[in-house]
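Okay, structure first, notes after.
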Amino acid sequence: MDKINKSALEGVINKINFSGVILAKNEQETLIEAAYGYANRSDEIENKQDTRFGIASGCKLFTAIAICQLVESGKLTMNTKLKDCLPIEFPHFDDSITIHHLLTHSSGVPDYFDESVMEDFEDLWKDIPMYQIKQLKDFLPLFQNNKMMFKPGEKFHYNNSGYILLGLIIEQATGKSFQDYIIENIFLQSSMEKSGYFTFDNLPKNTAQGYIDEENGTWRSNIYSLPVRGGSDGGAFVTAQDMINLWDSLLNYHLLSEQMTDMLLTPHIHIENEEYYGYGVWITKKHQNIYKYHVMGYDPGVSFASAYYPGKKLIVAIPSNQSYGPHDITEVLETNI
């Protein structure tokens with residue numbers, strides 16, 4: 001990306017009424033850094049370049065990095081079985097489920113939110129109110145006693161429950177809460193001082209409220225749509241710059257060794273066409289070469305995309321406090337890559 005087609009970019013920003021931040025940097029310069037829309041619509045407080053945004057599943061990468069750190073420290077291996085590292089009863093789970101299966105969405109464990117058959121994330125909280133979901137263990141009643149979807153390793157099927165289990169494994173192995181471990185061992189090590197797993201009822205200053213736009217032109221906030229606090233399957237709040245810092249730390253081996261970083265970024269499982277999945281990261285190839293490593297997140301009132309393009313040494317972060325936008329903007333940016 002040498003130059004950005006600014007007219008095309010502004011066109012899509014206006015078309016979708018984008019609300020969020022766009023940040024793109026290579027090794028030499030910042031190519032674009034801009035904020036749009038309101039962090040608080042009621043008080044018309046504008047988003048800023050350092051506004052914090054929820055990133056939904058975009059932070060599964062943090063969970064994967066944490067697991068890789070525990071593998072490096074000898075507490076786990078990628079072949080460690082779920083049944084050997086969690087003292088929790090899963091009556092219908094296959095005994096052969098491994099850490100590798102959970103990281104690559106190939107475990108077959110029942111998903112508490114199966115995106116292939118469920119359309120509305122908010123439907124989850126009809127039986128168990130979202131305000132009761134404060135810790136990782138609170139998710140267990142949503143899937144613990146359900147039957148497997150398929151045999152471990154049989155195929156890729158995006159799975160949130162698998163990452164809840166990985167978070168519980170991190171807590172079991174370290175004796176710390178998942179959130180505390182990530183903050184201490186990833187955020188603070190990556191100069192992500194403004195990021196955190198904040199609770200909806202106590203958000204810090206300069207944090208964007210998520211908004212759900214209704215078909216009739218009205219809107220509502222997402223405070224009743226998501227768990228009170230994010231965890232190992234998603235829900236952290238970050239700034240765009242903090243996400244750039246995370247990529248920098250990962251790619252410069254500040255979080256993991258070079259060997260373990262390469263393992264995390266390896267295309268472990270083929271999804272379709274030239275799409276693959278590593279450990280907590282999506283991988284896109286073009287002509288058999290890796291085009292980008294990327295993460296994304298979608299929740300009611302939240303959307304997020306961030307990527308590293310190795311051919312151009314380019315990092316992009318696009319957080320948004322509405323349910324759409326980053327994908328459209330990424331498409332425009334990629335026309336210049």
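The values are calculated or read from the model by the stated rules, or taken from the named source; none is laboratory data. Bear in mind the structure is a predicted one, so any value in this text is a computation, not a measurement. All Cβ positions, even for glycine, are placed from backbone atoms using ideal geometry, and neighbour counts span all protein chains on display.
Evaluate the following for ILE315: is it part of a strand (DSSP E or B) and out of contact with any Cys (no Cβ under 7 Å at 6 or more places or on another chain)? Yes, satisfied. Just one residue in the set LEU256, LEU250, LEU246 is assigned to a loop (DSSP other than H, G, I, E, B) and either touching an Asp or Glu at 6+ places or on another chain (Cβ under 8 Å) or closer than 22 Å to ILE182 by Cα (or both); that residue is LEU256. Annotation note: Cβ proximity below 9 Å between a residue of region 151-166 that is under 27 Å from GLN179 (Cα atoms) and a residue that is of a type in the set (Phe, Trp, Tyr) and surrounded by fewer than 16 Cβ atoms within 10 Å (Cβ to Cβ) (sequence gap 6+ or interchain) occurs for HIS157/PHE150.
The residue that is farthest from GLY278 (Cα to Cα), among those in region 68-82 that are surrounded by fewer than 16 Cβ atoms within 10 Å (Cβ to Cβ) and not polar (S, T, N, Q), is GLY74. Contact map, region 291-309: residues that are free of Cβ contacts under 8 Å to residues at least 60 places away in the same chain and more than 17 Å from VAL238 (Cβ to Cβ) paired with residues that are polar (S, T, N, Q) and part of a strand (DSSP E or B), Cβ distance under 7 Å, separation 6+ or inter-chain. Pairs shown: TYR291/THR284; LYS292/THR284. Would it be correct to say that LEU265 is closer than 24 Å to ASP50 by Cα, at pLDDT 95 or above, within 19 Å of the chain's Cα centre (by Cα) and of a type in the set (A, V, I, L, M)? So LEU265 fails the test.
Screening the candidates GLN179, GLN259, GLN172 for the property of being crowded, with 19+ Cβ neighbours inside 10 Å and either more than 30 Å from GLU89 (Cα to Cα) or not hydroxyl-bearing (Ser, Thr, Tyr) (or both) yields one hit, GLN179.
Between ASP180, ASP201, the distinction of being more than 20 Å from TYR112 (Cβ to Cβ), modelled with pLDDT under 95, out of contact with any helix residue (DSSP H, G or I) (no Cβ under 8 Å at 6 or more places or on another chain) and outside any loop (DSSP other than H, G, I, E, B) belongs to ASP201 only. If you check GLU119, GLU89, which single one turns out to be in a loop (DSSP other than H, G, I, E, B) and at pLDDT below 95? Only one candidate passes the filter, namely GLU119.
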